[in-house]
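Only one structure is covered here, and it is reproduced in the block below.
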Amino acid sequence: MSRDTVAEIAEQSAANLAAAHTAKADISKANKAIHAMGGENAVVEYVAQGGTVTALCRELGIGVSTFDRWLDRGGDARRAAYTRARARAGQSLAELALTIANEAVVADVQVAKLRVDTHRWMASKLNPEAFGDKQQPLINIDLGSMALDALRHRVVHVKPVNGTDNDEID
């Protein structure tokens, strides 16, 4: 081994170690900020009320990737709670869109329409089963080709004339 290779390996190891320490510090900061906010349930409730992850992270003072790592470290239970909260957020945004539409005044109708459309769109992304556009399956039936296929597969039984069947034609 040359000295350059050993030095490069040592340098890479030091960089990996520094990155691991930074990631651990970020997760620790996230845990403390989430605890100060009220814990995991408060985060889930924030998301369920329609809050965005970006706004949540801004409020907590952490990065979105740190939040994703925090979710992953919580295991399947935390991820499932977050998924349920996002589906509930779709419901919250749909209800908010209805409130905006009901409270709209003539002077602000264009702004209200934009807000309603935005909330509806976001609800459809967060909970597509309930609020997404229902896609009907496309079915194309070509009756002409079906009739031709049926004729091609049709078996015709022909009775012999005068009770005899001669294969030879005279």
Computed over the range 1-102, the convex hull of the Cα set has an average projected area, in nm², of 8.7 nm²
What are the ³J(HN,Hα) couplings of the range 100-112, residue after residue, when phi is run through the Karplus curve with 6.51, -1.76, 1.60 and θ = phi - 60°? Round to Hz, x for glycine and proline. 4, 5, 5, 9, 5, 10, 4, 5, 10, 5, 5, 5, 4
Please compute the contact order of the chain in relative form: average sequence separation of alpha-carbon pairs under 8 Å and at least six residues apart, divided by the residue count, as a percent. 16 percent
What order do Trp121, Trp70 take when sorted by accessible area (1.4 Å probe), most exposed first? Trp121, Trp70
Which sequence of Leu151, Leu93 reflects their accessible areas, 1.4 Å probe, from the largest down? Leu151, Leu93
Using only Cα atoms, locate the centre of the range 83-125 and the centre of the range 52-77, then give the distance between them in Å, rounded to an integer. 24 Å
Length gain on complete extension for the stretch Asn41 to Ala104, per 0.36 nm per residue less the alpha carbon to alpha carbon distance? 19.4 nm
Which length gain, in nm to one decimal place, applies between Ala80 and Val64 when the Cα-Cα distance is subtracted from 0.36 nm times their residue separation? 3.9 nm
In deg cm²/dmol and to the nearest 500, what is the mean residue ellipticity at 222 nm of the chain if only DSSP H runs of at least 4 residues count, each as -39500 (n - 2.57), divided by the residue total? -24000 deg cm²/dmol
Dimensionless Rg/Rh of the chain, both radii on Cα and Rh by Kirkwood, sits at 1.46
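The values are calculated or read from the model by the stated rules, or taken from the named source; none is laboratory data. In this text the structure is predicted, and so the values were computed from the model without any measurement. Just the protein is used for accessible areas: all its heavy atoms, side chains included, with ligands, DNA and RNA removed. Shrake-Rupley method; radii C 1.70, N 1.55, O 1.52, S 1.80 Å.
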